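Before any comments, here is the structure.
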Amino acid sequence: MHRLTAIFLLVGLSPLLAVLGLVTRISQGSPVLFRQQRSGLGGKLFSIAKFRSMTDRRDANGELLPDEERVTAWGRFLRRSRLDELPGLWSIARGEMAFVGPRPLLPETIASLGERGQERGKVRPGLTGWAQVNGNTLLSLDEKVALDLDYVRNPSLGRDLVILMRTFWVMIGGERRTSVAGSRAKPDLSQHR
């Protein structure tokens, strides 16, 4: 069902995707999409795609400038509105991701989390998730992982629906650290490796 829904959304949103791609191309050049290997279900690697939000600007030595210096105004808008994530619908259509689940992390990040990383990989990663609607970039990695594990250990359709609804509020109003992030997601440092 996830895959079919993603295909319908890709078709229905194709005019929006085309406009976002065109503006990204004009404001930041080519390529329009940023691709990166991420860890999926059971640690299987897949390539995630997002609209680019940063340029490739470099310093005098040819080294990339820090991320915050390369993010454009358009990129900030894409990130804040979460529209940069829409190409992730392809990953859902391919069965690599779900609409809701822990956000897919870099393989090296998963490896550094040890058993917590393995447990996190027991479910398909999501386009949005529990950590994303409870603070996301305002949270530490340990807080995000604690929220992800809470999601993995306590799955429910009701929570998925809450996450989807709250995702739209985040898209409109921006990120806010919620009380859930501080109370129900105490970092579990005992398994941190």
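Set Lys and Arg Cβ to +1 and Asp and Glu Cβ to -1, take the dipole of the chain about its Cα centre, and tell me which of Leu4, Leu33, Gln132 lies farthest positive. Positive-most Cα among the choices belongs to Leu4. For segment 1-75, the Cβ-based charge dipole about the Cα centre amounts to some 400 debye (Lys, Arg positive; Asp, Glu negative; other atoms uncharged).
The helix-only estimate of mean residue ellipticity at 222 nm for the chain, built from DSSP H runs of length n ≥ 4 each weighted as -39500 (n - 2.57), is -13500 deg cm²/dmol after division by the residue total.
For the peptides 16-29, 83-96, what is the packing order when you average, over each peptide's residues, the other Cβ atoms within 10 Å and list the highest mean first?
83-96, 16-29
Normalising the average separation of contacting C-alpha pairs (under 8 angstrom, six or more residues apart) by the number of residues puts the relative contact order of segment 2-191 at 21 percent.
Where nothing but the Cβ of Lys and Arg (+1) and of Asp and Glu (-1) is charged, how large is the charge dipole of segment 2-191 around its Cα centre, in debye to the nearest 20?
Numbers: 28 positive and 19 negative charges, 99 e Å.
Around 480 debye, computed over segment 2-191.
Residues whose amide H lies under 5 Å from that of Leu33, counting only those 5 or more places away or on a different chain, are Arg52; hydrogens are built 1.01 Å from N in the peptide plane. Modelled this way, with points 7 Å down the Cα-to-C-beta line, the labels at Leu9 and Leu33 are 1.6 nm from one another.
Bear in mind these aren't lab numbers, they're just calculated from the coordinates by the rules spelled out. Fair warning: this is a prediction, and the values are worked out from it, not measured in the lab. Don't worry about glycine lacking a Cβ; one is built from the backbone with ideal geometry, like all the others, and counts go over all protein chains shown.
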